[in-house]
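Heads up, the thing below is written out as structure tokens.
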Amino acid sequence: MKRILIIDDNADIRYALSQICDFKGWEPKTASLVKEGLEILMNEEIDLILIDYHMPKINGLEGVKMIREKDPDVPIIVLTVDEKQQVADLFISNGANDFALKPIKAPDLISRISVHLKFSSLKKKSDNADSSKSENTAQYRDYTKGININTLDIIIEFMKNNENEYTIEEISENTGLAYQTVHRYLKHLLEYDVVRADYRYGKIGRPKQQFKWNSLRNCV
């Protein structure tokens, strides 16, 4: 079971994020302050960290920097209401991997966590294998070549902001992304139940697969 460390001073948000983790079968570990989170990180095996930006004593920006000093590899997703590019750049420079804007929507967060857990798992396998012979190394390279967080965001935003069902061609036209790119990302989102697929039957030819955002009730 993957362990997710949640660092947020708001008890309600910690609870809601813990519920999302429970829903996906991840084990949540919670801390109200950065210092508490660091203690958990040093004493337990943590697979991913969710950290709030605005917190007392030590904020998320400094917290990310401190986490990176202790663990250079654990994926870090920042939770924030601040959309400024300057803030994003500061977090990236301190070692954050990704961002989730508040209020958090469960499907969006689940997708982000799933991507980073997959990246991290494949990277660990490739690091532990012989680089010239390992299938894991090739698998990791192929996977990371196919999934980019910014591209994932484009598809997620389009799908969750539109209630209709769309074919791959229609999603490609609306997002400006290549058909093959959309196909690869939808396959990933289907794997984690973020979107659902159905078939559109016409009078002639094979039915076309169409996709729709799979809304969950859980949100922060």
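The values are calculated or read from the model by the stated rules, or taken from the named source; none is laboratory data. Keep in mind it's a predicted model, so treat the numbers as computed, not measured. Cβ: placed from backbone, ideal geometry, glycine included. Neighbour counts: every protein chain shown.
Taking residues in the range 34-53 that are in the same structural domain as Ile77 (by TED's automatic domain parsing) and surrounded by 20 or more Cβ atoms within 10 Å (Cβ to Cβ), and partners anywhere that are part of a helix (DSSP H, G or I) and charged (D, E, K, R), the pairs with Cβ atoms closer than 8 Å and at least 6 places apart or on different chains are Val34/Glu62; Leu38/Lys70; Leu41/Lys70. Would you confirm whether any residue within the range 81-95 is under 16 Å from Ile4 (Cβ atoms), outside the structural domain of Asp193 (by TED's automatic domain parsing) and buried (at least 18 other Cβ atoms within 10 Å of the Cβ)? Scanning the range 81-95 turns up no residue that is under 16 Å from Ile4 (Cβ atoms), outside the structural domain of Asp193 (by TED's automatic domain parsing) and buried (at least 18 other Cβ atoms within 10 Å of the Cβ). Scanning the range 32-47 for any residue that is modelled with pLDDT of 95 or more and closer than 30 Å to Ile154 by Cα turns up at least one such residue. Residue count for the range 48-77 satisfying the condition of being in contact with a Gly (Cβ under 6 Å, 6 or more places away or on another chain), β-branched (Val, Ile, Thr) and part of a strand (DSSP E or B): 1. Say we look at the range 98-129 and pick out the residues that are aliphatic (A, V, I, L, M), at pLDDT below 85 and surrounded by 17 or more Cβ atoms within 10 Å (Cβ to Cβ); which of these is farthest from Ile156 (Cα to Cα)? Result: Leu122.
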